[in-house]
Amino acid sequence: MKIQPSVRYSHTLLSQFLQNGDTAIDATVGKGNDTEFLSQLVGEKGKVYGFDVQEEAIKYTNQRLDDKNLSKNVTLFNTGHENIDQLVDGSINAAIFNLGYLPGSNKDIITKPDTTLTAIKACLNKLEGNGIVVLVLYYGHAGGPLEKNAVIEYAKSLDQKEFSVMQYQFINQVNCPPILLAIQKNSN
Ligand SMILES: C[S@@+](CC[C@H](N)C(=O)[O-])C[C@H]1O[C@@H](n2cnc3c(N)ncnc32)[C@H](O)[C@@H]1O
């Protein structure tokens, strides 16, 4: 068995923490890989909310979910994840962020530190005890290091009584191997 790369490990973590009937957020829908995975994990009694600023990402993912009969429990918003607080009611059990740009799409449309932090904070406020926010940080593009540093600094500053924060990365690979952060809300 091989050590899982960050993207793969993000799914392993989500599958360990999410259950049938849970609520989850995909904060960066893109081509819908995570949205589809979340929809399957939470099942028909669960709920998935997805966000992306690119209309083509939302259209593509809606079609993808329809084709697989997985759209019933998913609501996609063609708007920034900085609006999570206004658009998602109630608590959540997990959220996933894949930061950076969408491969094969417009590389100028990237996630940005301010809006990313607003969205992370909204997710943490909504998190149930033992719930997790998983972030995969890509930082090989212009603007990437700034966002990576801002997110890691924020995650490091979280009170350990309230949250447990893990960082996971291959440290002997070239070309900025993605970093995974997992933030779990401690249960009372
Ligand atoms: C690395 S890609 C996500 C890949 C995706 N998880 C998948 O399965 O294909 C990052 C995505 O974030 C989106 N994005 C950029 N700024 C955003 C924002 N403020 N709110 C939500 N999505 C944003 C981009 O349009 C892009 O689709």
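Brief remarks on what is shown
- Dipole magnitude of region 6-185, debye to nearest 20 (Cβ charges: Lys/Arg +1, Asp/Glu -1, about Cα centre): 340 debye
- Region 51-63 - phi-based ³J(HN,Hα) in whole Hz, Karplus 6.51/-1.76/1.60, Gly and Pro as x: 10, 7, 7, 8, 4, 5, 5, 5, 5, 4, 6, 4, 5
- Based on protein heavy atoms only, region 6-185 ends up with 49 Å² per residue of surface accessible to a 1.4 Å probe.
- 222 nm mean residue ellipticity, helices alone, for the chain (DSSP H n ≥ 4; -39,500 (n - 2.57); rounded to 500): -11000 deg cm²/dmol
- Net length available on complete extension from K72 to K2 is 21.7 nm, with 0.36 nm assigned per residue and the Cα-Cα distance removed.
- Accessible carbon and sulfur surface of the chain relative to its total accessible area, %, 1.4 Å: 47 percent
- Added length on full extension, which subtracts the Cα-Cα distance from 0.36 nm per residue, N106 to E56: 16.9 nm
- Fraction in percent of alpha-carbon pairs per bin - 10 Å, region 23-143: 14, 49, 32, 5, 0
- For region 6-185, the relative contact order works out to 21 percent when only alpha carbon pairs closer than 8 Å and six or more residues apart are counted.
- Q40 paired with Q86, simple spin-label distance in nm, labels 7 Å along Cα-to-beta-carbon: 3.4 nm
- Tail fraction, Cα-Cα pairs, region 1-56, threshold 17 Å, whole percent: 39 percent
- For the listed peptides 133-139, 102-108, 75-81, a ranking on the average number of other beta carbons within 10 Å per residue, highest first, reads 133-139, 75-81, 102-108.
- For region 85-149, the alpha-carbon coordinates run over 35, 21, 21 Å along the three principal axes, in decreasing order.
The values are calculated or read from the model by the stated rules, or taken from the named source; none is laboratory data. Owing to the predicted nature of the structure, the values given are computational and were not obtained by experimental measurement. So basically every Cβ, Gly included, is an ideal-geometry build from the backbone, and we count neighbours across all protein chains shown. Note: accessible area is taken over every heavy atom of the protein model, side chains too, but ligands, DNA and RNA are not part of it. Shrake-Rupley method; radii C 1.70, N 1.55, O 1.52, S 1.80 Å.
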